[in-house]
Amino acid sequence: MNNNLSTLLIFYALPNGNSTEWTIGKKLAEGDDWHYDIQHIGAQTRFLRKQIKNRNIVVAYLENDLKSWPAWRRKYPNNSELIHSIVDSVASYFPNEDLKIALNSHSGGGSFIFGYLNDTDTIPEIVERISFIDSNYGYEDSLRHGEKLADWLLESDKHFLTVYAYNDSIALYKGKSFVSATGGTWYRSKMMISNLEQSFDFSVVDLDSLIWYNTLDGRVQFILKHNPDQGIYHTEQVERNGFIHSILSGTPLEEKGYRYFGKRVYEDFIE
């Protein structure tokens with residue numbers, strides 16, 4: 001920590017079934033669980049620290065005893081209030097007036113972010129960036145999620161939203177579909193875009209299997225992956241530099257030294 005620099009505190013809500021150790025990642029040794037090699041948030045963070053030289057980069061890994069944020073929220077009726085208190089209490093460790101927060105998530109971890117949104121009418125100014133890495137299953141227009149995000153984005157040109165999804169509505173596991181037509185991130189991302197289009201004009205570029213929806217000079221990005229082979233690309237959206245891009249999108253460092261959904265650029269940072 002350099003006390004002369006501002007700090008970006010990234011809250012990373014874990015995907016269902018994963019531990020913090022798996023999520024951080026490590027070099028695989030004989031007998032290691034394969035989960036150690038599919039996210040590498042630790043190595044991707046070290047890459048970010050090399051790119052971002054004017055800020056402290058801190059990651060808080062959010063894990064619960066059920067290893068599922070949707071299940072945890074169902075267990076506690078006051079879950080939104082508890083989630084907000086978790087964010088505030090961790091942030092209190094960094095009494096720096098220049099502190100900013102990024103709410104980041106993969107898979108079921110997105111439920112943590114929506115729980116946070118449900119506890120506030122206005123997203124706090126301290127929240128600089130919100131990212132859903134194939135994790136926006138819980139998005140609901142009826143809960144004013146889109147409205148709150150739009151207001152927050154309009155509040156400052158230093159607010160960023162990044163959403164990834166692949167066409168999970170046609171994906172197959174052992175020959176069978178596992179996501180309903182309206183329950184997956186593909187459908188929910190289209191819902192989010194439709195809602196935000198009431199406030200913003202999006203440009204759309206379809207390139208190399210990815211559809212890029214951009215607005216507000218790239219501060220808002222939806223990156224949707226085609227799925228002609230009906231495969232499962234849930235974790236690849238993290239592994240293939242997804243966490244890196246979720247922090248650098250919309251900035252001058254976007255896709256400098258890396259490509260989203262390209263070759264892993266953080267191999268040398270895996271410990």
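No lab work stands behind these numbers, since they all come straight from the coordinates. What you are looking at is a predicted structure, and each value in this text was computed from that prediction instead of being measured. Counting neighbours? That spans all protein chains shown, and the Cβs are built from the backbone with ideal geometry, glycine included.
In the chain, Cα pairs under 8 Å separated by at least six residues give a relative contact order of 19 percent. In order along region 196-212, phi translates into HN-Hα couplings of 5, 5, 5, 10, 9, 9, 9, 9, 10, 10, 9, 9, 6, 6, 10, 9, 9 Hz, rounded to whole numbers, per the Karplus curve 6.51 cos²θ - 1.76 cosθ + 1.60 with θ = phi - 60° and x for Gly and Pro.
In a GNM of the chain with a 10 Å cut-off on Cα contacts, which of Ile247, Ile113, Ile52 has the highest mean-square fluctuation? Sorting by GNM fluctuation, first place goes to Ile52.
Between amide H atoms placed 1.01 Å from N, distances below 5 Å from Asn56 occur with Ser6, Thr7, Leu8, all of them 5 or more places distant or on a separate chain. Taking the three principal axes of the alpha carbon atoms in region 1-119, the coordinate ranges are 44, 42, 17 Å, sorted in descending order.
Couplings 3J(HN,Hα) for region 128-134, derived from phi with the Karplus relation 6.51 cos²θ - 1.76 cosθ + 1.60 (θ = phi - 60°), are 8, 8, 10, 9, 10, 8, 6 Hz, where x marks Gly and Pro. Cα convex hull, region 207-271: 100 Å³ per residue, rounded to a whole number. Pairs exceeding a 31 Å alpha-carbon distance, out of Lys27/Lys174; Lys50/Lys158; Lys26/Lys148; Lys53/Lys190; Lys100/Lys263; Lys174/Lys256: Lys26/Lys148; Lys53/Lys190; Lys174/Lys256. The packing ranking, built from the mean of other Cβ atoms within 10 Å per residue, places the peptides 205-217, 182-194 in the order 182-194, 205-217, highest first. Packing order of peptides 6-18, 125-137, highest average first: 125-137, 6-18 (average count of other Cβ atoms within 10 Å over each peptide's residues).
Panel values: region 6-269, Kirkwood radius from alpha carbon pairs, Stokes-Einstein at 37 °C and 0.692 mPa s, translational diffusion coefficient 176 µm²/s.
Once you reduce region 132-176 and region 195-258 to the center of their Cα atoms, the two points are 11 Å from each other. Across the alpha-carbon atoms of region 127-235, the computed radius of gyration and Dmax are 14.1, 46 angstrom.
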